[in-house]
Amino acid sequence: MFDVRLYGDPVLRKTAEPVEKFDDNLKRLVEEMNETLRAEDGVGLAAPQVGKSVKVVVIDTTNGEAEPVVLVNPVIVESSEEMITSEEGCLSVPGISLSVPRHAVVTVKAFDLNGKEFKIEKADGLMAKALQHEIDHLNGIMIVDHVSVLQRTMLSSKLKKMAKSGRDKSQVS
Ligand code: NI
């Protein structure tokens, strides 16, 4: 199982590299990400959150009932004009929940573990939210970037503390 990197860890701000080899290393990475997702009781996890700057995401909207969906090199190819704002948390920003506006419906193109391309057509609800949240992580974007300056100012001391502990953590691991 991986340690989840916290806000302030520079790896969370990098643009992740696309996966080129669909090999055993990728399978091992995904296995361990799935384990971490389960252990942390999360809906989704992006590779940068475990310190790996590659375009890999796992999502489980079933609360552990089904195997997580694995998305390699995912891209949003279509998104609804309609937006929905709802509360979101993030394993890398623990203890904080923010109102984040997201497209209500998205279609995502990605590759599976074997390098086969697939599409998630017109995802909505929690899946739409998770897809946008996790794909944001691959581009170095976090939930705090979606909120108003006022909201962020109110959070700033909490975030500063987290950034400090995130940095300390990244130095030792
Ligand atoms: Ni997150």
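For this structure, a couple of remarks:
- Taking strands (runs of 3 or more DSSP E) as the structural unit, those lying wholly within the range 7-120 and holding at least 2 residues that are of a type in the set (D, E, K, R) correspond to 83-88.
- For the range 75-93, the set of residues classified as away from the ligand (no atom under 13 Å from the Cβ), among the small types (Gly, Ala, Ser) and closer than 30 Å to LYS161 by Cα consists of SER86 only.
For (1) basic (Lys, Arg); (2) in contact with a Lys or Arg (Cβ under 8 Å, 6 or more places away or on another chain); (3) at pLDDT 95 or above, each residue gets a yes or a no:
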| site | (1), (2), (3) |
| --- | --- |
| VAL57 | no, no, yes |
| VAL75 | no, yes, yes |
| THR107 | no, yes, yes |
| LYS119 | yes, yes, yes |
| ALA130 | no, no, yes |
| VAL144 | no, yes, no |
| SER156 | no, no, no |
| LYS164 | yes, no, no |
| SER170 | no, yes, no |
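- For the range 15-33, filtered to residues that are away from the ligand (no atom under 16 Å from the Cβ) and in contact with a strand residue (DSSP E or B) (Cβ under 6 Å, 6 or more places away or on another chain), the residue that is nearest to SER92 (Cα to Cα) is VAL30.
- Picking from residues in the range 1-29 that are among the β-branched types (Val, Ile, Thr) and buried (at least 19 other Cβ atoms within 10 Å of the Cβ), the one that is farthest from MET142 (Cα to Cα) is VAL19.
- Selection of first residues in the range 136-148 that are more than 10 Å from the ligand (Cβ to nearest atom) and of second residues that are in a loop (DSSP other than H, G, I, E, B), restricted to Cβ pairs under 6 Å at least 6 apart or on distinct chains, gives the following pairs, ordered by first then second residue: LEU138/ALA16; LEU138/LYS55; ASN139/THR15; GLY140/LYS14; GLY140/THR15.
- Selection within the range 87-96 - surrounded by 12 or more Cβ atoms within 10 Å (Cβ to Cβ) and either of a type in the set (D, E, K, R) or farther than 15 Å from GLY44 by Cα (or both): GLU88, ILE96
- Which listed residue is surrounded by 13 or more Cβ atoms within 10 Å (Cβ to Cβ), among the charged types (D, E, K, R) and more than 20 Å from the chain's Cα centre (by Cα), from LYS129, LYS109, LYS158: LYS158
- Among residues of the range 111-135, those that are within 16 Å of the ligand (Cβ to nearest atom) and small (Gly, Ala, Ser), counted: 2
The values are calculated or read from the model by the stated rules, or taken from the named source; none is laboratory data. No experiment lies behind these values; they were computed from the predicted model shown. Note: ideal-geometry Cβ built from the backbone for every residue, glycine included; neighbour counts use all protein chains shown.
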